[in-house]
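Worksheet for the structure shown next.
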Amino acid sequence: MRISMLVLTVLTAVAFSASWSIGPGGLSGWPGLPCSDILETGQLRAGMVVKYIDTDNGSILQIPLKACWGIEEDFEVGAVIPVVPVDGPYDGSIIGDIVLSGGWLYEKARGGTALKLTGRIVLPTGEELRDSGAELAIGGITSTTFLDFRLSMSAEYALNGGRNPIDDTITDVMYFTAGGSSFITSDVLLHAEMRGSTFSELSIGSGAQYLLNPDFALDGGINVALNGYENFEIYTGLCWTGSGF
């Protein structure tokens, strides 16, 4: 029975290039690429990522703790708590900005095309200059499948209030991501993406995901900055998915 469930799980993942990880904002996706997937009701996905970030002023070691929960049909919520044990450039707070997010599957068509609407709030618990500060954002993520390749694109409009949104000037910013993913074997998926914002940030990246079994997935990858204060980042992570929550 367990072998049959594993085969069914892998076949479903191959058909739709399904995400078995958690995206940048705490919702379904990969560490560098959000997608329109929604966790089924009662499913809980938890994980951690270890990131080495190189900047012009020094290196940063960051360990984001992530969780995503399917609380209702077509609706999931997520959270990201970045732990920063090593902060060369700033030597500041050990906790970065905490992210709380939600996603609603607005529409799904044949062939795996879907649109997920998202909302996100960022708590300014991190360090000035290192972290972006308080934000309130709304956006959308769409994914579509063509043969064995899945294209995902996202856009967000956010209001940024810095470290003190009551007194600081509030500015608006757009974030965008575009990328693709595809299984190359029954348990190995590759993805590549470009990310940017109207804050003059732009980066490209690629990564891989390995399904250990129906419950655990390994992630790893690299992002290279084309513009911004970061030069590059290398990351690896582990995610666990359970049901009945």
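The values are calculated or read from the model by the stated rules, or taken from the named source; none is laboratory data. In this text, all values refer to a predicted model and were calculated from it rather than measured experimentally. Neighbour counts are summed over all protein chains in view; Cβ atoms, including those assigned to glycine, are modelled from backbone coordinates with ideal geometry. Surface areas here come from the heavy atoms of the whole protein model, side chains and all, with no ligands, DNA or RNA. Shrake-Rupley method; radii C 1.70, N 1.55, O 1.52, S 1.80 Å.
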Quiz item: Once the dipole of the chain is set up with Lys and Arg at +1 and Asp and Glu at -1 on Cβ about the Cα centre, which of TRP30, VAL84, THR198 lies farthest towards its positive end?
Solution: TRP30
Quiz prompt | Estimated Rh, segment 85-133: Kirkwood, alpha-carbon pairs, angstrom | solution = 13.3
Practice problem: Only Lys, Arg, Asp and Glu count, each charged at its Cβ (+1, +1, -1, -1), so figure out the dipole size of the chain about its Cα centre, rounded to 20 debye. | Solution: 780
Quiz item: Listed highest first by mean packing, meaning other Cβ atoms within 10 Å per residue, what order do 167-175, 70-78 come in?
Solution: 70-78, 167-175
Quiz item: Can you list the HN-Hα couplings for segment 114-131, worked out from phi with the Karplus curve (6.51, -1.76, 1.60; θ = phi - 60°), rounded to whole Hz and with x for Gly and Pro?
Solution: 8, 10, 10, 8, 10, x, 8, 10, 10, 8, x, 9, x, 10, 4, 6, 6, 10
Quiz prompt | Amide H contacts under 5 Å for ASP74, placed H, 5+ residues apart | solution = THR41
Quiz prompt | Karplus-derived 3J(HN,Hα), 6.51/-1.76/1.60, for each residue of segment 146-163, Hz, glycine and proline x | solution = 10, 6, 9, 10, 10, 9, 10, 9, 9, 8, 9, 10, 10, 9, 10, x, x, 6
Practice problem: For segment 14-67, just the Cα atoms, rotate onto the principal axes and tell me the three extents in Å, largest first. | Solution: 43, 22, 16
Self-check item: GNM flexibility winner over the chain from GLY88, GLY205, GLY96 (Cα, springs under 10 Å)
Solution: GLY88
Quiz prompt | Where the chain is the region considered: accessible area per residue in Å², 1.4 Å probe | solution = 49
Quiz item: Measuring from centroid to centroid over Cα atoms, what is the spacing of segment 187-245 and segment 124-165 in Å?
Solution: 14
Self-check item: Cα coordinate range in segment 105-245, projected on the principal axes (Å, largest first)
Solution: 52, 34, 34
Quiz item: How many percent of the accessible area of segment 50-201 is carbon or sulfur, using a 1.4 Å probe?
Solution: 62
Quiz item: Among LYS116, LYS66, what's the order by accessible area (1.4 angstrom probe), most exposed first?
Solution: LYS66, LYS116
Quiz item: Going by the alpha-carbon gyration tensor, a ≥ b ≥ c the square roots of its eigenvalues, is the chain rounded (a/c under 1.5) or, if a/c is not under 1.5, prolate (a/b greater than b/c) versus oblate?
Solution: prolate
